[in-house]
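Below: the structure, in structure tokens.
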Amino acid sequence: MSTTDPALEASTSPAGSSSTSPSHTDRLAADHRRALRANDPEVYAAIVGEEERERRGIELIPSENYTYPEVFACNGSVMTNKYAEGYPGRRYYGGQEFTDAIERLAIARAKELFGAEHANVQPLSGSPMNQAVYMGFLEPGDKVLAMDLSHGGHLTHGAPVSHMGKIYEFARYKTKPDGSGDIDFDLLRAQALEHRPKMVLVGHSSYPRDYDYGAFQRIADEIGALTMADVSHIGGLIAGKALANPIDAGFDFVTTTTHKSLRGPRGGMILCKKEHAKTVDKAVFPGLQGGPHMNAIAGIAVTLGKALQPEFREYARATIANAKALAEALVEKGAKLVTGGTENHLMVVVTTDTYGIDGRVAEETLDEVSITVNKQIVPDDPNPPLRPSGIRLGTPAATTRGFGEEQMRQLAGWIDAALRHHDDEGKLAEIRGEVEALCLAYPVPGLS
């Protein structure tokens, strides 16, 4: 690991007429790092270590990304200091001139970007944003029809181990057993007619396909159910017009995190019809949480502003193109993928079939070669969640870093070789050197 701190070095370079001389903000950020280094060297060392890990390796976890430097500036700003319970123009504390300006800006940008009638940008992350919708519009014991966890659903969509799974009654739909990943809407309609759920929930954490939101909406309309789409993984791809938008299909609620394919800070948003606005806002505050994290909302405002630019549409398109290139290259090498490929930013490799190892061993092996992935259950997985049958890969972070389809094919080769030689330390060391050489040629945004 390097013993120097590039951020501190840059801040101490001689000032002059050069356009690269450090700004006041740069120097302030460097002062903060010096204070941390002097007063808590253990935390400082861990942060510098993480920066070095990110520089030398590549993040292929689909829910991770490299955020904008401007978001770092917001997260470490004086907005961290301010309590802002309530909403713009209706706060419980004084001194809200600038917090109101930031939150109003974030709301306006969210509505414009997604075509929503109302937006709440205060949820602290993905789980509470979903909980707020449930608690605002459902009563304990109400039924929800949602995707089965092993087929791609999310923990907050009624998994038995979650509190929401204990409070509400979740019925679960699955993909077709033919491995295509298609949803059998005739069967889903039959489930809806049988269970009569109050809400039909669409969303995933490991489903490599796009959704036919109109088909879900028609079934929900038939039984008088609300519709909710949790697009946390693909929010950026929808914002970038690369995937379908559930708002266009008439969904009542769309929730999304802001830190995945949107590239923002960690947070959540609830987009909804105007008729639901007051209930949504009350469900978030004071129903579920107190003061919002205004430093994160400032970062969300910046992120949404970036997503409104034409360049973001190209980023969304490239993220999907990269995922398809990675998936196709892995299949060519003999890997088995859930649904056979991908239509979005992620894929799931069944490691037990091709490589004879479970997902935990695969994850740890790829860590050894500086490729970060996560173990992943597969549809109707016979193995337990901590030793599942697969791994999950995604391309938002790699695309942010500037990787293209050629680099995706290189990564596929290294992934395949590492998993086939998972017990060969020499081979893994060789692959690690090649991976890190490539990664160091593509700087991480926000890191020198």
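Among the listed pairs Lys111/Lys274; Lys174/Lys375; Lys166/Lys198; Lys111/Lys278, those with a Cα-Cα distance over 18 Å are Lys174/Lys375. Pairwise Cα separations in region 166-236 fall into 10 Å bins from 0 onward with the following percentages, short to long: 18, 53, 28, 1. Using the empirical formula 2.2 N^0.38 Å as the baseline, the Cα radius of gyration of region 232-301 reaches a ratio of 1.17.
Could you work out how far the C-alpha centroid of region 117-144 sits from that of region 359-402, in angstrom? If you average the Cα positions of each part, the centres end up 29 Å apart.
For region 276-384, what is the relative contact order in percent, using Cα pairs closer than 8 Å and at least 6 residues apart in sequence? Present the calculation step by step, with values, prior to reporting the outcome.
On the way: 69 pairs, mean separation 14.8, N = 109.
It comes to 14 percent, rounded to a whole number.
Placing +1 on each Lys and Arg Cβ and -1 on each Asp and Glu Cβ, with no other charges, gives the chain a dipole about its Cα centre of roughly 1100 debye. In the chain, the DSSP-assigned H stretches of four residues or longer account for a calculated mean residue ellipticity at 222 nm of -14000 deg cm²/dmol, using -39500 (n - 2.57) per stretch and the full residue count as denominator. Computed over region 336-418, relative contact order equals 28 percent, with contacts defined as Cα pairs under 8 Å that lie 6+ residues apart. Peptides 76-86, 197-207, 289-299 ordered by packing proxy, namely the average of other Cβ atoms within 10 Å per residue, highest first: 197-207, 289-299, 76-86.
In terms of overall dimensions, the chain has a Cα radius of gyration and Dmax of 22.6, 73 angstrom. Expressed as a fraction of 2.2 N^0.38 Å, the value expected for a compact globular protein of N residues, the C-alpha radius of gyration of region 290-448 is 1.14. Highest mean first, the peptides 409-418, 322-331 sorted by other C-beta atoms within 10 Å per residue fall in the order 322-331, 409-418. Shape class for region 129-217, computed from the alpha carbon gyration tensor (a ≥ b ≥ c): prolate, with a/c not under 1.5 and a/b above b/c. Give, to the nearest whole percent, the P(r) tail of region 78-307 beyond 21 angstrom, counting all Cα pairs. Distances greater than 21 Å cover 53 percent of the Cα pairs. Percent of C-alpha pairs per 10 Å bin in region 291-338, short distances first: 22, 27, 23, 21, 7, 0. Shape of region 175-311 from its Cα gyration tensor (a ≥ b ≥ c, root eigenvalues): rounded if a/c is under 1.5, otherwise prolate when a/b > b/c, or oblate? Because a/c hits 1.5 or more and a/b fails to exceed b/c, region 175-311 counts as oblate. Bridge orientation summary for the chain: considering DSSP beta bridges with both residues in this region, about 55 percent are antiparallel.
Can you check what the Kirkwood hydrodynamic radius comes to for region 331-422, Cα pairs only, in Å to one decimal?
Values: mean 1/r = 0.0755 Å⁻¹.
Here the Kirkwood hydrodynamic radius works out to 13.2 Å.
Within a straight-line Cα-Cα reach of under 18 Å, Lys82 can be paired with the following aspartates and glutamates, leaving aside sequence neighbours fewer than 8 residues apart in one chain: Glu97, Asp100, Glu103. In region 246-287, Rg over Rh equals 1.03, where Rg is the alpha-carbon radius of gyration and Rh the Kirkwood radius from pairwise Cα distances. Based on Cα atoms of region 119-179, Rg over Rh with Rh as the Kirkwood radius reads 1.02. Take the Cα of Asp184, step 7 Å along the line toward its Cβ, and report every residue of region 149-177 whose backbone nitrogen sits under 19 Å from that point. Inside the label zone: 149-153, 171-177. Each peptide in 218-227, 26-35 receives the mean, over its residues, of other Cβ atoms within 10 Å, and ordering these scores from highest gives 218-227, 26-35. Within the shell defined by Cβ-Cβ distances under 12 Å, the residues around Ala429 carry a net charge of -4, with Lys and Arg each +1 and Asp and Glu each -1. For region 75-148, the Kirkwood hydrodynamic radius comes to 14.8 Å, computed from all pairs of different C-alpha atoms.
Which value, in debye to the nearest 20, describes the size of the charge dipole of region 112-182 about its Cα centre when Lys and Arg Cβ atoms bear +1, Asp and Glu Cβ atoms bear -1, and nothing else is charged? Can you show the working numbers first?
Working: 5 positive and 8 negative charges, 55 e Å.
Around 260 debye, computed over region 112-182.
Treating only the Cβ of Lys, Arg, Asp and Glu as charged (+1, +1, -1, -1), what charge dipole size does region 78-307 show about its Cα centre? Round to the nearest 20 debye. Before the final figure, lay out the partial values.
Values: 25 positive and 24 negative charges, 130 e Å.
Using only the charged Cβ atoms, the result is roughly 620 debye.
Of the trypsin sites (Lys or Arg not before Pro) in region 230-280, not one is in a loop by DSSP (not H, G, I, E or B) with at most 11 other beta carbons within 10 Å.
Read-outs throughout are calculated quantities, based only on the coordinates presented, and are distinct from any laboratory measurement. As the structure is a computational prediction, the values presented were derived from the model and not from experiment. Counting neighbours? That spans all protein chains shown, and the Cβs are built from the backbone with ideal geometry, glycine included.
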